[in-house]
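Participant: The structure follows.
The values are calculated or read from the model by the stated rules, or taken from the named source; none is laboratory data. Computed from a prediction, not measured in an experiment: that's the story for all the values here. Cβ atoms come from the backbone with ideal geometry, glycine included; neighbour counts cover every protein chain shown.
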Amino acid sequence: MARNTAPLGPTTTVERALAPDLARGFMLLFIALANTVWYLEAAPNTGITEHPTPQGALDHVVQFFTVMAVDMRSYPMFAFLFGYGMVQLAGRQEAAGADAKSADALLRRRNLWLLVFGFLHALLLWMGDVLGAYGMVGLILGWLFFRRRSGTLLVWGAVLTGLLALLSVITLLLLPILGEVGMDDQDVLITTTDVVETSILSAAVMRMLAWPLSVGQGLLIPALPAAVLLGFWAARRRILEEPERNLPLLRGVAIVGVTVGWLGGLPLVSAQTGVWGLSPVQGQALVIPHMLTGLFCGLGYVALIALVAYRIQGRGRTRGVLVTALSATGKRSLSAYLAQSVLCAPLLTAWGLGLAAHMSSWTMFLYAVGVWLLTVVGAYTLERAGRRGPAEVLLRRLAYRRTTRTVAPVTDGNEEAPQEHTTR
């Protein structure tokens, strides 16, 4: 019998595992918290992080939580889920009868279209776009590693993690020397000119100039490709679909990952809030070890949410409104991510209404939570109506060229390959 080489259509609702969607839905809150900080760039800044100088107790509390638990902790998690989703998509195609060449071609088309989505996102709204970065990582790592042995994936994941660890050790050893490096006053005020630019056209030009760097960061920051490779490996073992077979691993990763991530966030948060008196150059150097512990933390978050999903599914009861709404948001993660920019950029930037000029860390924190809640409500409404997210629909139509739905021999695949989210 001839093999069917046509791509299988999108996954139906009953085919999806809960853990990935629940993780994406919840962690989009962290994405909103991390991204909205950048709209405060016109405020006085210590030069250590993108957060402004805290002005009161509420600012200190918000920055403590955000730097320790959010910044550079959520993007490795989504990188892991991105790699996980690529393997799921390809496996589902092949289980339905498509050959490996056709499955790989589908992945390439999706990643190429992510680059296009990212370009338009940066052109119109957000200088911190990472859709292009994920598209580029998917193309490069898909070409180099997607069909490699599982052992190879683990080795290269360890190599990249080890490289980041080495850079972290070197940075910490050089910290006393870096304290002697001065900075001009103009360097202490870190600005992203598209946010403070009053001209819509000029802001768009600034974003276009910054976008290639945003795309390149997917390969330049070792934590992101390391997380993608670990996602490839974990998907082959179906760790999120079959958590009952991997409970010791999930528990260990959750405990170690979150502990390392939160404890590892204390040095940078101490410098940012003034507890540890470091110079701006020393504080910025701490970003490298912060990335390393962020990789552990991101993986810990995935494992923790997988354990929660396992408990929910193990009850054998109908999912509540909260779980349904969060998983619905995870299913529509691309639409929810883009919606955050729509709800933020025109309202907060100087080329829009400029509301960020009247906000501080704690008020921006509340704004970010509100934006996330709006996307959750929107996703839940679409779920109740049986409709997919608009961005997901468009991406599928572009990637699944002339695709017709066929009956698949598998019923638990997760078709959501692109988990496109911020790197903060």
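Participant: Name the one entry in Gly157, Gly132 that is in contact with a Leu (Cβ under 6 Å, 6 or more places away or on another chain), modelled with pLDDT of 95 or more and not aromatic (Phe, Trp, Tyr). If you could, list the steps in order and put the result at the bottom.
Facilitator: Values: Gly132 fails: modelled with pLDDT of 95 or more.
Matching residue, one of Gly157, Gly132: Gly157.
Participant: Quick one: in region 265-301, of everything that is assigned to a helix (DSSP H, G or I) and polar (S, T, N, Q), which residue is nearest to the chain's Cα centre (by Cα)?
Facilitator: In this case the residue turns out to be Thr293.
Participant: Here is a further query. Of all residues being within 19 Å of Val70 (Cβ to Cβ) and β-branched (Val, Ile, Thr) in region 269-286, which is surrounded by the fewest Cβ atoms within 10 Å (Cβ to Cβ)? Just the residue, please.
Facilitator: Val275
Participant: Which one of these does Leu338 not meet: (1) in contact (Cβ under 8 Å) with a residue 12 or more places away in the chain; (2) over 15 Å from the mean Cα position of the chain (by Cα)?
Facilitator: That leaves (2) as the condition not met.
Participant: For region 45-72, enumerate the residues that are part of a loop (DSSP other than H, G, I, E, B), within 20 Å of the chain's Cα centre (by Cα) and β-branched (Val, Ile, Thr). Full working, then the answer.
Facilitator: At the first step, the residues of region 45-72 found to be part of a loop (DSSP other than H, G, I, E, B) are 46-51, 53-56, 70-72.
Subset that is within 20 Å of the chain's Cα centre (by Cα): 49-51, 70-72.
Those that are part of a loop (DSSP other than H, G, I, E, B), within 20 Å of the chain's Cα centre (by Cα) and β-branched (Val, Ile, Thr): Thr49, Val70.
Participant: So which residues in region 21-39 are touching a helix residue (DSSP H, G or I) at 6+ places or on another chain (Cβ under 6 Å), closer than 16 Å to Ser360 by Cα and of a type outside the set (Gly, Ala, Ser), if there are any at all?
Facilitator: Scanning region 21-39 gives Leu33, Thr36, Tyr39.
Participant: Next up: Which of the residues belonging to region 79-114 are among the small types (Gly, Ala, Ser) and either part of a helix (DSSP H, G or I) or in contact with a helix residue (DSSP H, G or I) (Cβ under 6 Å, 6 or more places away or on another chain) (or both)?
Facilitator: Matches in region 79-114: Ala79, Gly83, Gly85, Ala90, Gly91, Ala95, Ala100, Ser102, Ala103, Ala105.
Participant: All but one of (1) at pLDDT 95 or above; (2) outside any helix (DSSP H, G or I) hold for Ala42, so report the exception by its number.
Facilitator: Looking at each condition in turn, Ala42 falls short on (1).
Participant: Let me ask something additional. Given the structure, is Val369 within 22 Å of the chain's Cα centre (by Cα), surrounded by fewer than 21 Cβ atoms within 10 Å (Cβ to Cβ) and within 18 Å of Asn45 (Cα to Cα)?
Facilitator: Spelling it out, it is not the case that Val369 is within 22 Å of the chain's Cα centre (by Cα), surrounded by fewer than 21 Cβ atoms within 10 Å (Cβ to Cβ) and within 18 Å of Asn45 (Cα to Cα).
Participant: Would you say Ala203 is among the small types (Gly, Ala, Ser), under 26 Å from Ala23 (Cβ atoms) and at pLDDT 90 or above?
Facilitator: No.
Participant: Determine which single condition Glu241 fails, assuming it passes every other condition in (1) surrounded by fewer than 22 Cβ atoms within 10 Å (Cβ to Cβ); (2) in a helix (DSSP H, G or I); (3) touching a residue at least 60 places away in the same chain (Cβ under 8 Å); (4) not aliphatic (A, V, I, L, M).
Facilitator: (2)
Participant: Something else about it: I'd like to verify a number: residues in region 345-366 that are in contact with a Ser or Thr (Cβ under 6 Å, 6 or more places away or on another chain) and either part of a helix (DSSP H, G or I) or hydroxyl-bearing (Ser, Thr, Tyr) (or both), how many?
Facilitator: Residues meeting the conditions: 1.
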